[in-house]
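Everything below concerns the one structure shown next.
We did not get these values from a lab; they are worked out from the coordinates using the rules stated. Predicted model, so just to flag it, every value in this text is computed and none were measured. Backbone-built Cβ (ideal geometry, glycine too); neighbour counts: all protein chains shown.
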Amino acid sequence: MELRKLSEHIWYMPFEEERDRPNLGYIKGDKLSIAVDAGHSEAHIREFYALLRKEGLPLPSLTVITHWHWDHTFAMHAANGLTIANKTTNAHILECIQKIENNGPDAFLNIGDSIRKEYSGGQEMIVIPADIVFEGSLTIDLGGCTVNILQTEAPHTDDSTLVYVCEDKTLFIGDATCPQFPHGDRDKKLANALADKIRSTGAVTCVEGHWQPVETEDTLNDLLS
Ligand SMILES: [Zn+2]
């Protein structure tokens, strides 16, 4: 796997289908750098950090979580610096912790092949809550690069967070545009609300959780189809 540069301030480690690993985003300013999503496991985030080191990029001081799903959050315990999630995401993560305490990792290993493959090497499944919990929105000045973190309605889950990199006109959207997991519908009202939110940012490029970066128009067409 390689680290790809997307724009002046943005890099990402691409998604992988086999283990259902999402894109891990990296945004660097003059003072601070932040990551978008922690990843599926400690092994996943360690690969990401190894690629950052290879490029001479500092490890992120902050990691923003797009939504509670395991493939985006179960590496939070191994994240450098602090993690940020919205209040609903954090509540879902606390439910995951409870599930594992009650039923062990099988509670999640039973979801499917991809998570079993991710944890096939005998890695322990460790889930922890976020360090910083917000509601609504949050703006972070990375130094010459401004990041808006926006909670939004979305068809995929009830806890979506978007991460907009203003100078690069790029929006990280996690899985927000996807239907509900595993076989749910894409609720029209929620899809429209999300489309409005995406348009309101002025983003030119969108980075979805499990797809290559595309023009915002493509993302909106897919979302509203
Ligand atoms: Zn998801």
For region 166-177 the number of residues that are within 15 Å of the ligand (Cβ to nearest atom) and not charged (D, E, K, R) is 5
Which of (1) farther than 17 Å from K28 by Cα; (2) more than 16 Å from the ligand (Cβ to nearest atom); (3) touching a strand residue (DSSP E or B) at 6+ places or on another chain (Cβ under 7 Å); (4) touching a residue at least 60 places away in the same chain (Cβ under 8 Å) is the odd one out, the single condition I84 does not satisfy? (1)
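Name the single residue that is nearest to the ligand (Cβ to nearest atom) among those in region 178-225 being among the small types (G, A, S) and surrounded by 19 or more Cβ atoms within 10 Å (Cβ to Cβ). Lay out the reasoning, then the answer.
So the first thing to find is which residues in region 178-225 are among the small types (G, A, S), and the list is 184, 191, 193, 195, 200, 202-203, 209, 225.
Then keep just the ones that are surrounded by 19 or more Cβ atoms within 10 Å (Cβ to Cβ); that gives 191, 203, 209.
Numbers: A191: 15, A203: 20, G209: 6 Å.
Checked region 178-225; the qualifying residue nearest to the ligand (Cβ to nearest atom) is G209.
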So G144 ticks every box in (1) out of contact with any Phe, Trp or Tyr (no Cβ under 6 Å at 6 or more places or on another chain); (2) at negative phi but one. Which box is left unticked? (2)
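Only one of H40, H44 is in a helix (DSSP H, G or I), in contact with a strand residue (DSSP E or B) (Cβ under 8 Å, 6 or more places away or on another chain) and surrounded by 22 or more Cβ atoms within 10 Å (Cβ to Cβ); which?
Values: H40 fails: in a helix (DSSP H, G or I).
Answer to the selection: H44.
In region 1-31, what residues are polar (S, T, N, Q) and either part of a strand (DSSP E or B) or touching a Lys or Arg at 6+ places or on another chain (Cβ under 6 Å) (or both)? Working first, answer last.
Going residue by residue through region 1-31, those that are polar (S, T, N, Q) are 7, 23.
Residue satisfying the conditions is S7 alone.
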Considering every residue within region 120-136, establish whether at least one is surrounded by fewer than 17 Cβ atoms within 10 Å (Cβ to Cβ), within 16 Å of the ligand (Cβ to nearest atom) and hydrophobic (A, V, I, L, M, F, W, C). no
Among (1) out of contact with any helix residue (DSSP H, G or I) (no Cβ under 9 Å at 6 or more places or on another chain); (2) closer than 18 Å to I149 by Cα, where does N103 come up short? (2)
Expected output for region 139-152 (first residue farther than 14 Å from D168 by Cα, partner of a type in the set (F, W, Y), Cβ below 9 Å, 6+ apart or cross-chain) is I149/F134; I149/Y164; L150/Y164; Q151/F134
Checking the conditions here, which among V147, V163 is within 16 Å of the ligand (Cβ to nearest atom) and within 16 Å of the chain's Cα centre (by Cα)? V163
Return yes when R19 is within 16 Å of the ligand (Cβ to nearest atom), basic (K, R) and either more than 20 Å from T89 (Cα to Cα) or out of contact with any helix residue (DSSP H, G or I) (no Cβ under 9 Å at 6 or more places or on another chain) (or both) and no when it is not. yes
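When the residues of region 50-81 are filtered to those that are among the β-branched types (V, I, T) and within 14 Å of the ligand (Cβ to nearest atom), which remaining residue is surrounded by the fewest Cβ atoms within 10 Å (Cβ to Cβ)? Quick ask: steps written out before the conclusion?
Residues of region 50-81 that are among the β-branched types (V, I, T), as a first pass: 63-66, 73.
Among the residues that remain, those that are also within 14 Å of the ligand (Cβ to nearest atom) are: 65-66, 73.
Numbers: I65: 27, T66: 33, T73: 29.
It comes out as I65.
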